[in-house]
1. Find all pairs meeting these conditions: Cβ atoms under 7 angstrom apart; at least six residues apart or on different chains; first residue within the range 104-117 and under 12 Å from Leu80 (Cα atoms); second residue in a helix (DSSP H, G or I).
2. Inside the range 147-176, can you point out the residues that are more than 11 Å from the ligand (Cβ to nearest atom) and part of a strand (DSSP E or B)?
3. Tell me, which residue of the range 97-113 that is of a type outside the set (Gly, Ala, Ser) and in a loop (DSSP other than H, G, I, E, B) is least open to solvent (accessible area, probe 1.4 Å)?
4. Do you know which of the residues in the range 114-125 that are loosely packed, with under 15 Cβ neighbours inside 10 Å and within 20 Å of the chain's Cα centre (by Cα) is modelled with the highest pLDDT?
5. Identify the residue in the range 238-255 that is surrounded by fewer than 23 Cβ atoms within 10 Å (Cβ to Cβ), in contact with a strand residue (DSSP E or B) (Cβ under 7 Å, 6 or more places away or on another chain) and of a type outside the set (D, E, K, R) and, among all such residues, is nearest to Gln195 (Cα to Cα).
6. Kindly indicate the residue of the range 177-220 that is open to solvent by less than 60 Å² (accessible area, probe 1.4 Å) and of a type in the set (D, E, K, R) and also farthest from the ligand (Cβ to nearest atom) among those meeting that condition.
7. All but one of (1) over 16 Å from the mean Cα position of the chain (by Cα); (2) among the acidic types (Asp, Glu); (3) within 14 Å of the ligand (Cβ to nearest atom) hold for Asp85; which doesn't?
8. Need a quick list: helices (runs of 4 or more DSSP H) entirely within the range 1-96 having at least 3 residues that are out of contact with any Ser or Thr (no Cβ under 7 Å at 6 or more places or on another chain), at pLDDT 95 or above and surrounded by fewer than 19 Cβ atoms within 10 Å (Cβ to Cβ).
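The values are calculated or read from the model by the stated rules, or taken from the named source; none is laboratory data. Predicted model, so just to flag it, every value in this text is computed and none were measured. All Cβ positions, even for glycine, are placed from backbone atoms using ideal geometry, and neighbour counts span all protein chains on display. These area figures cover heavy atoms from the full protein model, side chains too; ligands, DNA and RNA do not enter into them. Shrake-Rupley method; radii C 1.70, N 1.55, O 1.52, S 1.80 Å.
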Amino acid sequence: PVIAKVYNVSQIESDLAAHLQIARAVIVPGNTDVQPHLSKSLGDALNDALKLLLPLGRNIITVFGGVTMSSVASQLSPTLNRHRDLLFVPGRGGLGESVEIQSNTVCQMMANSTHSHYRTLYLPENVSSEAMKSLIKDENIGDVLDFISNSDAVIHSIGDAQIMAKRRGLSLETRSMLTDKKAVAECFGYFFNQQSQMIYKIPRIGLQLEDLNRIPRVFAVAAGQSKALAIEAYMKHAPSQSWLITDEGAANSILKGK
Ligand code: G3H
């Protein structure tokens, strides 16, 4: 049934994509907040979208971390790798985040599920620009950063600002600044308020928001009514080729508020 959803766009899916000004919204039934097993449907929908959009041959896919990403990773199928040669690379360095949900782990899970290849990137975040300059000179790190900038696709999620600020270990001072400025969304280390203004960015190397514009395929997977504000706040910055894979909980809440 999910395959049918990817090909046949429902009215609510086309309304949501038009409202968010993105290429496509795929909406799975239910609300992930109260039905965590929906991650299976989200994963199936992501798999179908990748099958539809990834060209045959070599594809470099940059993936980010988080609970959503790690819960959809096992749904990707080995048939995705048929007539393709997929290489999954992590979009973040990972150090400082819990291992189960860091992008390195999601990368490895996606590569295992699809019987394809992956690379790892272990880099601290929040380091001085001097330290970063010398880290980038490392050959292994430099190779992965080249892969990231030449990605054929990016897969990421969108998080609640306060939850992500805590998880990313931001200082109490920064967290209270984010509260004062009413941050609602976090994506790739960027924080946005409800008016979609960027109010903070965690200094880090790897994929930057402006780089997304030149990545041909971008998939955001974020669901649950509780993520509606975050999804909408981030999406004003999403490149127009983005696909959003979400659920009715988030979609209905976004469309109700428009
Ligand atoms: O940047 C946002 C996070 O990847 C979202 O993480 O799926 O754990 O809410 P989450």
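1. Qualifying pairs under 7 Å: Met110/Ala73; Ser113/Ala73; Thr114/Pro78; Thr114/Leu80; Thr114/Asn81; His115/Pro78; His115/Asn81; Ser116/Asn81.
2. Answer for the range 147-176, where residues must be more than 11 Å from the ligand (Cβ to nearest atom) and part of a strand (DSSP E or B): Ala153, Val154.
3. Let us first name the residues in the range 97-113 that are of a type outside the set (Gly, Ala, Ser), namely 97, 99-102, 104-110, 112.
Checking which are in a loop (DSSP other than H, G, I, E, B) leaves us with 97, 102.
On the way: Glu97: 25, Gln102: 10 Å².
Step by step, filter the range 97-113, then rank; the result is Gln102.
4. We begin by selecting, within the range 114-125, every residue loosely packed, with under 15 Cβ neighbours inside 10 Å; these are 115, 117, 122, 124.
If we keep only those that are within 20 Å of the chain's Cα centre (by Cα) as well, we get 117, 122, 124.
Details: His117: 98, Tyr122: 85, Pro124: 75.
Result: His117.
5. For the range 238-255, the residue satisfying everything is Pro239.
6. Checked the range 177-220; the qualifying residue farthest from the ligand (Cβ to nearest atom) is Arg217.
7. The failed condition is (3).
8. Working: elements: 2-7, 11-20, 39-53, 67-73.
Helices (runs of 4 or more DSSP H) meeting the threshold: 11-20, 39-53.
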